[in-house]
Each structure stands twice: as C-alpha cells, then as structure tokens.
Amino acid sequence: MSESEVRAAVERELPGVRADLERLVRIPGIAFDGFDHSHVERSAEAVAELLRGCGLDVEIVRSGGQPAVIGRKAAPPGAPTVLLYAHHDVQPVGDLSLWQSDPFEPVERDGRLYGRGAADDKAGIMAHVAALRAYGDRLPVGVVLFIEGEEEYGSDSLERLLEEHRDEIASDVIVIADSGNWDVGVPALTTSLRGIVNCFVEVRTLGQAVHSGMFGGPVPDALTTLVRLLATLHTDAGDVAVEGLIGREGATVDYPEDRIRAEAGIVEGVEFIGTGRLTDRLWTKPALSVLGIDAPATGEAPNALVPSAKAKISVRLAPGDDPKRAYEAIRAHVEKHVPWGAQVTVTIEHDGSPCVIDASGPMFDAARSAFREAWDGTDPVDIGVGGSIPFIATFQEMFPRAAILVTGVEDPHARAHGPNESLHLGEFARVCLAEALLLSKVAEVARGEVSKP
C-alpha cells in the first residue's frame, strides 16, 4: 500500500477504532488487590475479540497472575515480524470527587476523550488495532500482539509469560506503546526510563501507646522519629541524599519551567527541588518521594505517644543503576540515620530496572520517518521518561537483537494515573497513522536479509 492508501485506510477505520476504545474504557479492569478481578477477565476477553476480528490467531494466557492476550499472524515470505505491546489493565481511580465525569464512562470535552485508561493504555491497544485494520489482509509484516493484564500492578508474572511463550513472540522489532510524546504536535521516541524501588520504612519507640502528658518530653514518639528520619533523605536543596545512588547529566532537551509548573499543577509560591537541568532531574537523576504514612488520623488521634509509625517511599533510579544495590543503599541510609536509637525495619515492596535504548540504526530511522510523515513534517525528538517500565529491560535481555521502539499515545496533559485522565483525539489519530506507516517502513528496511532475535 502506498502512503496515501495507508492514510486513507487509517482515516476510514478511525470511527470504529474510537468506538471500540470507548467500549474498552467502560471495563474497570484493575489488577490491584481488593478489586473485582472479573473485570480484568472481561477486559482480556474484549481484547481477544478485537484481535480475532483482525484475523489473528489468539489465546488468553496467564502464569499465576492476571490474563494477558497473545495474537499472531505469520509474516509474508521474507518479511520480518513485529511485536506490538500494550496493556489492558488500568490504575485505580482514587478519589471519585476529583473526577469531572464518571471515570469508566468515556466523555469527549474540547477534543479530548476522558476516562480511566483512555490514554494509559487502552489507546495503545487500539493504535495497534487501527494499524491492523488499515491493512486488512495486506499486512506487510508478521505481527505478534502481546497485551498484558497487570502492568499497572507491577507485571509480576510478565517475565514468566515471556519465558513460557518465548518462541511464539520472538520478533525482529518490538513496539512498546506505553509511553508518550514530547508535546501535542511533537512526536517522540523514548530512549531511557528510570528504574524503581518501592519500600516500607517502619520505626518503633515504644511497646504500646502511653499518655503524652505523663511521658512526653524524655520519651520519643514514633511519628516524630519517623518525620526526622524521612527528612534525612534529601539535602537542603532537595537532592536525594542517599549515598551510592547513581545520577548523571546528559538530557538533550530541557523542560521550560512554566510548562512543568502547569503540567504538574504546582501551587503558587512552591519552588522546584534539586539541582541541575529539569530534564536531568526528571530523567537521569534519582528521585525519592514519600507516598504514604500509617499513623493515627488527626480527627481520631488521642493524647498519646504513638509507639510505631510506617512510611512508604518510592525511589526512581537513574539509568545505569541496579535496583538490588539501590535497595541496600536505601536500607543502609535509614539504619544509619534513624534518630534516638529507635528500632527501624525496611521492607521492599517491589523493584524494577531502569533502561537505556540505543536508538540508532535502520529500524529507528524507519520509526522517525513514520512519525515525521504522520506529524506532517515535524521531526520527532528523543526523550527520557521519569517513570518506569521495568519489563523493557527484560525484553532487551531476552531479545538482544530486536530493535525496541518505545512509543505512546500520551501527551503532557493526559494525566495518566491521576483524576481526569484523557486522550488527545487528534494526536491519537496521528499515532494510529504513524504505526501503520511504520509497519510498511519496517518491511522496506528488512527486505532481503532479515535478522533473527
């Protein structure tokens, strides 16, 4: 198919693609503990039905976790195979009062489609489906679709699934549609992602709660102790103070301060923390956040010294760091700096490796060309991402000869993981076109000798 034919085909399919996206958004497939996982099952079945409709051989698979969907269509003679990844599970919605509309009833406002998963990552699924529908029986490459069912919950079973189905999913190119673009109107390839270590820090100063008037003064309470300990995790400037964590500079673009303030919703008067370029602080340096604290609620707190207190901290690791070594550095820091001889325990919740992608070579050139054409001549930029997709490192290890292209449908206003998540419909149309064009360009590059992963 010529470029003009591909454009026309994608445009023809977009109304049906959007309708199916809305159907997926209506399924509250949350893989977290405590939620109804029958919805995750329904979500997997819905995705399987979509892939069967594209003429793929489809199976729903699991390995002790939530269901993933694998769809396959063999390559034409001499053509390469492209693995297309996305995930069908979504984040919990959080406080419903912060949503302007029902998170599981998609609504269009000002050119954006609002709903949980509308951007992250059900639009990624539908971008793959749009490309397949555009080609119909004329696909220029073989495809394997791997649609995961617990990415938001940590991808605990993903590595086992990849091992168990390794021969089925082996591909020459891997397209991971779970990232974003630099801005509305500016496409991007993601070339680095931070890793993650989430852990719990608990301090204990007393065997039980005691009267704050009778014992307050010489006897430390656990909550004050925890607050002082958490304060040691950053320098006065706001840089992470844990010795041994890797950080580096090297971002090729910078974030305008007013843009990040607007996108993050920073309230007036609040300063940035840390030192160096903003993109380095976001992409190539460690970051540490306190995500929650177990302590008495203020409305119910008695006049008593709290005997124990617990915090959940999240550390984003710079590319090049190792999560196991980083956890030991965090634990050593906490044990060294806990005040007043309090007992302290550190328990890991989960971790994931950072990654760096060498985005050079003919397949990456093909991707950039597809983006350029889909965005009407706008050159794509290479970006880092402060978030983590740990399984990319797994793909790199298992398929070292495959070109891994990390793309996505999100833009800086998508609010993935937060209230009022949304998808820019104009950008989504460009993403669908770019992926369809990419499949043709991959076939062009690979004609003749096709390398095997």
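The values are calculated or read from the model by the stated rules, or taken from the named source; none is laboratory data. None of the values given here were measured: they were computed from a predicted structure. Positions of Cβ are backbone-derived with ideal geometry, glycine not excepted, and every protein chain shown enters the neighbour counts. Surface areas here come from the heavy atoms of the whole protein model, side chains and all, with no ligands, DNA or RNA. Shrake-Rupley method; radii C 1.70, N 1.55, O 1.52, S 1.80 Å.
Among beta bridges from DSSP that stay inside the chain, the antiparallel ones total about 65%.
Round to the nearest 10 and give me the degree value, 0 to 90, for the angle of helix 3-25's Cα axis relative to the longest principal axis of the chain. It works out to around 40 degrees.
Simple spin-label estimate for ARG52 and ARG109 gives 3.7 nm between the two label positions (7 Å along the Cα-to-Cβ direction from each Cα). Any idea of the accessible area per residue across the chain, 1.4 Å probe, to the nearest Å²? Roughly 43 Å² per residue, with all protein chains present.
Here's the list of aspartates and glutamates a cross-link from LYS312 could span, going by alpha-carbon distance under 14 Å and ignoring same-chain residues fewer than 8 apart: GLU202, ASP294, GLU349, ASP351.
Note on LYS336 and ILE273: the extension gain reaches 20.3 nm, defined as 0.36 nm multiplied by sequence separation minus the Cα-Cα distance.
Computed from Cα atoms, the angle from the helix 38-53 axis to the main principal axis of the chain rounds to 20 degrees.
Of all lysines in the structure, those lying under 19 Å Cα to Cα from LYS285, and not within fewer than 8 positions of it along the same chain, are LYS324. Shape of segment 112-166 from the C-alpha gyration tensor: oblate (a/c of 1.5 or more and a/b not above b/c, with a ≥ b ≥ c the square roots of its eigenvalues). Electrostatic bookkeeping for PRO307 treats Lys and Arg as +1 and Asp and Glu as -1; over the other residues with beta carbon under 15 Å from its beta carbon, the sum is -1.
Once the Cα-Cα distance is subtracted from the 0.36 nm per residue extended length, the PHE35 to GLU168 segment shows a gain of 44.8 nm. Once you reduce segment 69-112 and segment 3-54 to the center of their Cα atoms, the two points are 6 Å from each other.
Solvent-accessible surface (1.4 Å probe) assigned to THR275 amounts to roughly 60 Å².
Shape class of segment 389-453 from the alpha-carbon gyration tensor: oblate, with a/c at 1.5 or above and b/c at least as large as a/b. The Cα atoms of segment 20-171 give a gyration tensor whose axes a ≥ b ≥ c have a/c of 1.5 or more with a/b no greater than b/c, which makes the shape oblate. In the chain, helices alone account for a calculated mean residue ellipticity at 222 nm of -10000 deg cm²/dmol, with every DSSP H run of four or more residues adding -39,500 (n - 2.57).
Of the residues SER440, ALA414, TRP375, the one whose Cα sits farthest towards the positive end of the charge dipole of segment 358-453 is SER440 (charges of +1 on Lys and Arg Cβ, -1 on Asp and Glu Cβ, taken about the Cα centre). Relative to the first principal axis of the alpha-carbon coordinates of the chain, what is the inclination of helix 122-135, with its axis defined by its Cα atoms, in degrees from 0 to 90 and to the nearest 10? Orientation of helix 122-135: about 10 degrees from the principal axis.
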